[in-house]
1. Find the residue count for region 52-88, including only residues that are part of a helix (DSSP H, G or I) and either free of Cβ contacts under 8 Å to residues at least 60 places away in the same chain or of a type in the set (Val, Ile, Thr) (or both).
2. Given the criteria closer than 30 Å to residue 33 by Cα, within 13 Å of the chain's Cα centre (by Cα) and open to solvent by 40 Å² or more (accessible area, probe 1.4 Å), does residue 65 qualify?
3. Restricting the first residue to region 8-22 and requiring it to be surrounded by 10 or more Cβ atoms within 10 Å (Cβ to Cβ), which pairs with a second residue that is modelled with pLDDT under 85 meet a Cβ separation below 9 Å and a spacing of at least six or different chains?
4. Quick check: anything in region 113-132 in a helix (DSSP H, G or I), modelled with pLDDT of 95 or more and surrounded by 15 or more Cβ atoms within 10 Å (Cβ to Cβ)?
5. Can you name the number of the only condition in (1) of a type in the set (A, V, I, L, M, F, W, C); (2) touching a His at 6+ places or on another chain (Cβ under 9 Å); (3) part of a helix (DSSP H, G or I) that residue 93 fails?
6. For residue 40, are the conditions met, namely being open to solvent by 40 Å² or more (accessible area, probe 1.4 Å), without any contact (Cβ under 8 Å) to a residue 24 or more places away in the chain and not in a helix (DSSP H, G or I)?
7. Among the residues of region 133-155, count how many are part of a helix (DSSP H, G or I), surrounded by 14 or more Cβ atoms within 10 Å (Cβ to Cβ) and in contact with a Leu (Cβ under 7 Å, 6 or more places away or on another chain).
Amino acid sequence: MLDISIPEIQELLPLMTEDEQRELFALLEADMRSVVWRPLPGPQTLAYNSKADVLGYGGAAGGGKTDLMIGSALTRHTVSYVLRREATQMRGIYNRLFEIVGGRDGFNGAEKYYRTADGRMIQFGSTPHLGDEMAYQGQARDLLGLDETSNFLEAQVRFL
């Protein structure tokens, strides 16, 4: 059985028969298998559901910023670009992607992109020097995620 720590479900369990509990757990397990990622309750969910064209989501390490970018790309967008200032800093993003999706299938390390079974694409890149941002001009995308934006030059952020 699942470890269900949602308070509302915990409150209902004593009111349910064993058959009802088994059915509930089966439904929850099926739902969890069908969705690759969900935002955490609170600020991450608010950001995920935002209709804003430009969204700044910051905070301390471990606050879910990278997960929000990857999760949004996997669930809400067709073509996503995730950029860091330095390409060597992408390893953590790749590793988190592999954790979320359960492996490296769909990842092309040479071309630096990940493609899902349903055709979504996440392109990874970097802009270490002023002018490198020009390489992304005119490339259609519906999500642009700048990880650690404070490391980018202001001119690069404005251009992108």
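The values are calculated or read from the model by the stated rules, or taken from the named source; none is laboratory data. Given the structure is predicted, the values throughout are model-derived calculations rather than measurements. A quick note on method: Cβ atoms are made from the backbone with ideal geometry, for glycine too, and the neighbour counts reach across all protein chains shown. We work out accessible area using only protein heavy atoms, side chains counted, and drop any ligands, DNA or RNA first. Shrake-Rupley method; radii C 1.70, N 1.55, O 1.52, S 1.80 Å.
1. 9
2. Details: closer than 30 Å to residue 33 by Cα: yes; within 13 Å of the chain's Cα centre (by Cα): yes; open to solvent by 40 Å² or more (accessible area, probe 1.4 Å): yes.
Yes; evaluated as a whole, the condition is true for this residue.
3. 9/28; 10/4; 13/4; 21/1; 22/1
4. Scanning region 113-132, I find at least one residue that is in a helix (DSSP H, G or I), modelled with pLDDT of 95 or more and surrounded by 15 or more Cβ atoms within 10 Å (Cβ to Cβ), so the answer is yes.
5. That leaves (2) as the condition not met.
6. Criteria not met by residue 40.
7. 2
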